[in-house]
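Q: First, the structure itself, so that you have it in front of you.
The values are calculated or read from the model by the stated rules, or taken from the named source; none is laboratory data. None of the values given here were measured: they were computed from a predicted structure. Please note: Cβ atoms are built from the backbone with ideal geometry, for glycine as well, and neighbour counts cover all protein chains shown.
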2 protein chains.
Amino acid sequence: MAKLRQDRAVRTREAILEAAAEVFDACGYSGTSIRLIMERAQVTQGGMYFHFKSKQAIAEAVIASQQEFVRFPDGEDGLQRLIDITFHLARELQTNTRFRASVRLAVDQEEFGKRDATPYFEWAEQFRRQLVVARQRGELRDDVDEREFAAVLMASYSGTQIFSNMSTGRQDLPQRVTALWRYLLPGVADESVIGRLRITPAEAGPHAA
Amino acid sequence: MAKLRQDRAVRTREAILEAAAEVFDACGYSGTSIRLIMERAQVTQGGMYFHFKSKQAIAEAVIASQQEFVRFPDGEDGLQRLIDITFHLARELQTNTRFRASVRLAVDQEEFGKRDATPYFEWAEQFRRQLVVARQRGELRDDVDEREFAAVLMASYSGTQIFSNMSTGRQDLPQRVTALWRYLLPGVADESVIGRLRITPAEAGPHAA
């Protein structure tokens, strides 16, 4: 019985976060109310308050789970994989409500009085890991600082997706990511590999679960 | 008399926009009320409604004036001036409340149900003008598309200032802009000029009015 209750609690929490993501994505933080989330998640007030005491607590949980449900495509680590990951994230931003909501909340967090760069640094760290392998493989120019470029890429990517959202609802995001790489690669990639790198979205294989 | 009334109307409108910028910058769109702006601007309800009928109308006027009060530093057009402009904008973001508020509102405009990329395109257009001259001067690589790179720079710059704001309240923005240029320049600048370009803030001369 305890196990069943626990399963149910996990499912309720998930249902709340899923519903919250949909509402935050559509209405933004200030346009969202706990009541709207409860209705969409079909949970009672008791169920809601067991898990979350405030709208802000839900928003923080949505942001915190940002990396949990984005599964990177398989591939050999290095510069090409870093590029592929940026296109994968573009696709996720187009299609994954939960990811989109968490990104929107991370950008808009001043609305709820927060200024926490942690989600940004987490992405920079993901990028840096690929750059460390790229360095070992001799794919980087000598003057590239992996940590510095990871932060540059993360910030540039973030601005690119915001602008693409503003101008086309992210429809042109893959093309904008291609353009970004067109101008970044000469400053990053070693001459010996730059011609081999593909800066367009990978062909969609069997859809990853 | 008519002239006096007109002068006063202009001053009132300016006072409202100035006060609104301070409140929007500090509290964001949803944290701002018309009453807060009226109190700070010391205008009456009648004075306010003569100029602006809603909070949204004020926010749109603040965004629309984004380029009016940012004066670019003098200089010879071209790639170095483009770089200098990005450092000038960094300094303005650190010190100019009106500019900062207009940028914040442009990023957060979904909060008031708008999705208008015009302010973004205006900056891209400013950047493009410098790139057109840079092209004439032989400062660009052959494969640079001026319009495309202008958009890449604008989006990357936008993300850079958002991240810098989130992590350090924009204190490290000049260093982040330097890092951005470090990785963008090899993809943009012709080899003949790249060594001469300075990608640090210009020495502060006599303070521009």
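Q: Quick one: which of A:SER33, A:SER54 is hydroxyl-bearing (Ser, Thr, Tyr), within 25 Å of A:TYR120 (Cβ to Cβ) and not assigned by TED's automatic domain parsing to the domain that holds A:GLU139?
A: A:SER54
Q: How many residues, within region A:166-175, are without any contact (Cβ under 8 Å) to a residue 40 or more places away in the chain, more than 7 Å from chain B (Cβ to nearest Cβ) and closer than 18 Å to A:SER102 by Cα?
A: Within region A:166-175, residues that are without any contact (Cβ under 8 Å) to a residue 40 or more places away in the chain, more than 7 Å from chain B (Cβ to nearest Cβ) and closer than 18 Å to A:SER102 by Cα number 1.
Q: Taking region A:65-114 on its own, how many of its residues are hydrophobic (A, V, I, L, M, F, W, C), loosely packed, with under 15 Cβ neighbours inside 10 Å and within 14 Å of chain B (Cβ to nearest Cβ)?
A: 0
Q: Determine, yes or no, whether A:ALA189 is of a type in the set (A, V, I, L, M, F, W, C), touching a Lys or Arg at 6+ places or on another chain (Cβ under 9 Å), within 13 Å of another protein chain (Cβ to nearest Cβ) and in contact (Cβ under 8 Å) with a residue 40 or more places away in the chain.
A: It is true that A:ALA189 is of a type in the set (A, V, I, L, M, F, W, C), touching a Lys or Arg at 6+ places or on another chain (Cβ under 9 Å), within 13 Å of another protein chain (Cβ to nearest Cβ) and in contact (Cβ under 8 Å) with a residue 40 or more places away in the chain.
Q: May I ask you to list the residues in region B:104-116 that are over 19 Å from B:LEU89 (Cα atoms) and of a type in the set (A, V, I, L, M, F, W, C)?
A: Scanning region B:104-116 gives a single hit, B:PHE112.
Q: Identify the single condition in (1) more than 11 Å from chain A (Cβ to nearest Cβ); (2) in a helix (DSSP H, G or I) that B:ILE199 does not satisfy, given that it satisfies every other one.
A: Exception for B:ILE199: condition (2).
Q: Could you list, in sequence order, the residues of region B:24-54 that are outside any loop (DSSP other than H, G, I, E, B) and in contact (Cβ under 8 Å) with a residue 40 or more places away in the chain?
A: Within region B:24-54, B:PHE24, B:ASP25, B:PHE50, B:HIS51 qualify.
Q: Then there's this: Hey, among the residues in region B:115-160 that are crowded, with 16+ Cβ neighbours inside 10 Å, small (Gly, Ala, Ser) and more than 16 Å from A:LEU180 (Cα to Cα), which one's nearest to the other protein chains (Cβ to nearest Cβ)?
A: Across region B:115-160, the extreme among qualifying residues is B:ALA117.
Q: If you go through region B:6-37, how many residues are within 19 Å of the chain's Cα centre (by Cα) and not acidic (Asp, Glu)?
A: The number of residues fulfilling the criteria is 10.
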